Amino acid sequence: MEDELLIVEELMLLLLADDGSAIAGSKVLHCVLPGAVLAELALTGRLEVHSHRRVGGTLIHAKRATPDPQIDPILAEALRAMGTREHSAYGLVSGLDLDVRQPVLDRLAAKGIILRETKKVFGVLPTTRWPTLDVRAEAALRNRVTAVLDDGRRPDARTAAIIALISAAQVYVQLQPRMPWNAEVAARLKEIERGQVSAADATPESQEIIDEIARAVLAMTSSASSAPIL
């Protein structure tokens, strides 16, 4: 089942509490979810490094290829938004305007993994929860993440990308149910976020792009957390 999910769908499962009442890192979904879409594009060979800059980091652009009628609509929309010009990772994460939160939740519900449950508070205000129906996909993902962070196994590229994103977005300790946490896990998280642990099946180019994306997500998360409350 997990093979049928995009990285952004797996990430949402990890962020979503089992009772569906909350999403960890809800204030940074605007950057971490697009980051997951971009990671998928990198790992499927649809992005490439265009040039390296001494200031501002790597520039990335979409590969020019024959249109793929089988491409997932979420990925296709991201490529359309990128166009043909080159982008910094920060520019992509912050400027693509990919609002995928609701589409991803709807897709997971359509696949029978979560349930859309809408009720009215005090009989007036509608509220929606997304409780888990089928635990297999999330359980498999949690096992993969725990094996890498707690047991020290070398990650596959998809798992490494997810770990890098949740570390950069500073949401790991917010996950419900709780994941293993100690000094070794914290250090391993940062190593993977910084690209210091190579994924078993990542190309050097895709690894470089994902490292840049993680840095962009971290920068946006840090900016959001340090912004004054007005």
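Some values worked out for this structure:
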quantity	calculated
Stretchable slack from T203 to L125, in nm (0.36 nm times residue separation minus alpha-carbon distance)	23.2 nm
Relative contact order %, the chain, counting alpha carbon pairs below 8 Å whose residues are six or more apart	28 percent
Convex hull of Cα atoms in the chain, direction-averaged projection (nm²)	14.3 nm²
Degrees between helix 157-168 axis and first principal axis of the chain (Cα, 0 to 90, nearest 10)	70 degrees
Added length on full extension, which subtracts the Cα-Cα distance from 0.36 nm per residue, R194 to E4	65.7 nm
Nearest 10 degrees, 0 to 90: helix 29-43 Cα axis against the chain principal axis	50 degrees
A187-A110 pseudo-label distance in nm [points 7 Å out on the Cα-to-Cβ vector]	4.5 nm
Extension gain from R178 to D97, taking 0.36 nm per residue of separation minus the Cα-Cα distance	26.1 nm
Loop-located trypsin sites (Lys or Arg not before Pro) in region 140-191 whose Cβ has at most 11 other Cβ within 10 Å (DSSP)	R178
DSSP bridge pairs, the chain: antiparallel proportion in percent, nearest 5	100 percent
Taking region 123-230 and dividing mean pair separation by its residue count, relative contact order in percent (alpha carbons under 8 Å, at least six apart)	29 percent
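Where a number appears in this text, it was derived from the coordinates with a stated rule and is not lab data. Everything quoted here is computed from the prediction, not taken from an experiment. Glycine gets a Cβ as well: all are built from the backbone with ideal geometry, and neighbour counts include every protein chain shown.
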